[in-house]
Amino acid sequence: MYPPFVHFVVALPVVALFSQFTYQVTKDPAYSKAALRIIGFSFLVSLFALFSGIDDASKIMEGHTILKEGIAVLQNHRIIGFVVVALLLVTSLVKWFAISKRSSTLEMLSLVLIIVTLTASLYQGRGGGSLVYQYAGGIDKQVITQRIAERKK
């Protein structure tokens, strides 16, 4: 269940960033509220991604369907996952306060937090991609055996 959820966690902050930029230019509160809804929804989806990712990681470790070098990358991926979820929570809260207080300072902080969250999410996505394509995370053992043999050549 992990892959469908995680793609939303990467894509939604991009949409929130555009909405927040549009708010900064137009000062139309509808764009600010849209950014809050998008980043808030991204936070909720990130919880599903986190828990399904933990489940998938345990299956990968139990089934030994990962190259040995990838285990450290998987552990780092798990830690960064928690960081992304925390950033989404903080960003959602700051964004909510910015709207409720009508604070331009908090709106600017929201913009910065969305950028930081997006950067962390993209970094996380890159790590996830390397887990699958470089370290064969979650791929059938036969494929892993073939990749090990190819590396030895």
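Values in this text are rule-based calculations from the coordinates and carry no lab data. All values derive from a computational prediction rather than experimental measurement. Cβ placement follows ideal geometry from the backbone for every residue including glycine, while neighbour counts extend to all protein chains displayed.
Between Ile79 and Leu44, how high is the FRET efficiency from 1/(1 + (r/R0)^6) when r is the Cβ-Cβ distance and R₀ = 22 Å? Nearest 0.05.
E between Ile79 and Leu44, to the nearest 0.05, is 0.55.
Filter the chain for me: DSSP H helices, axial length by Cα at least 20 angstrom, mean Kyte-Doolittle hydropathy not below -0.5. List them by residue number.
TM-like helix candidates: 2-26, 29-63, 70-101, 104-133.
To the nearest 0.05, what FRET efficiency results for Val25 and Tyr123 with a Förster distance of 22 Å applied to their C-beta separation?
In this case the efficiency is close to 0.20.
Fully extended, how many nm does the chain gain between Leu109 and Arg147 (0.36 nm per residue separation, minus their Cα-Cα distance)?
Length gained between Leu109 and Arg147: 9.1 nm.
How big is the C-alpha Rg of the range 2-152 next to the rule-of-thumb value 2.2 N^0.38 Å, as a ratio?
1.23
Do you know the Lys pair count in the chain for C-alpha distances under 26 Å, with sequence separation 8 or more or different chains?
Step by step, the pairs that qualify in the chain add up to 11.
Between the range 20-40 and the range 60-94, what is the C-alpha centre distance in whole Å?
29
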